[in-house]
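So the structure is just underneath, and the comments pick up after that.
Any read-out appearing in this document is the output of simple, stated calculations on the displayed coordinates, not a laboratory observation. Not measured: the values here are computed from a predicted model. Cβ atoms come from the backbone with ideal geometry, glycine included; neighbour counts cover every protein chain shown.
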C-alpha cells in the first residue's frame, strides 16, 4: 500500500514538473521569416526600423511561447529567454508572432537582446523551455541578405527557404492577390474573344428563356379566358331559354303542380275548436273524505228499559 502511494506521489510530481513544458506544444512552432537589413520597411512601436524574426504556429491549437529561448549563438542556446508574464506570447493556431532583433530587450517582451549582422551569415534558433532542445533553426547566408527583402519559407511552416518576393511581417508568406482562372484566361485569350462570346451566349440564353416563359404564361392566360367566356355563355343561354317560355305555359305548369300537391293530402276542415272545461267540484278534493265522522245517533236502534 505504501509503495503504491509513493509511486502515485512520484507520478503527480513528475506531471507537475513536466506539464508546463509539454503543455506549450512548442515543438509545433517554426521560424518562418527573417528581415535583416531593414532600411525603408516595417517599423516597430518606437518608430525604428530594425531586423525582425517571425515565428509561425503550425498547430491547430494556441501555443504559448513563454519560457522558450531565441538565440543567434549556437554555443549559447539560452541567450534570450522569452518572458512568462506577457499574455501576448500566446500564438493562436496558424498565426504569427514578431520579435525585433534590435539589442534593446529593455523595450519589452518582443525586443531581443542581440542584433543581426547584414555583412555575415546569421544563425538563428528557437529553443524549447528546457534550454537544450532546438525546435527550429536556420542560417541565413550573407549573399541572401538584400535591403528590404526578407528571407523566409515559401509556404508558412513548410520546408524551403528563399528570398521572398514580398515582405510579409505577421502575415502569410504567400498572399493570394490574383485569381488563377482569370490569369489562365488572360493568357489563353489575350484579345478577349472567348469572354465576349461567353457573355453574349449568357445574355441570349437568358432572353430566350424569358421569351419561352412569357409564351407559356400567355397561352395559359388565353386558355383560362376562353374557359371563363364559355361558362358565361352557357349561363346566358340557360337564362334566355327560361325567358323564352310564354307566361301561359308557366301558369299552367304552376296550377298543375298545385293540384298535384293538393292530391297528396286529405281534405281537412282546417278549423280548430278550443273549449274550456271547468270543474268547480271534485269529490277527491273534498275534506269530508279526509276527516273521521262521528256516528249518527239517529240511525242507531233504541232499546227500551
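Couple of notes before you dig in:
- Among the criteria (1) surrounded by fewer than 13 Cβ atoms within 10 Å (Cβ to Cβ); (2) within 36 Å of the chain's Cα centre (by Cα), the one residue 208 does not fulfil is (2).
- Qualifying residue in the range 77-94 (condition: in contact (Cβ under 8 Å) with a residue 24 or more places away in the chain, surrounded by fewer than 20 Cβ atoms within 10 Å (Cβ to Cβ) and closer than 18 Å to residue 38 by Cα): no
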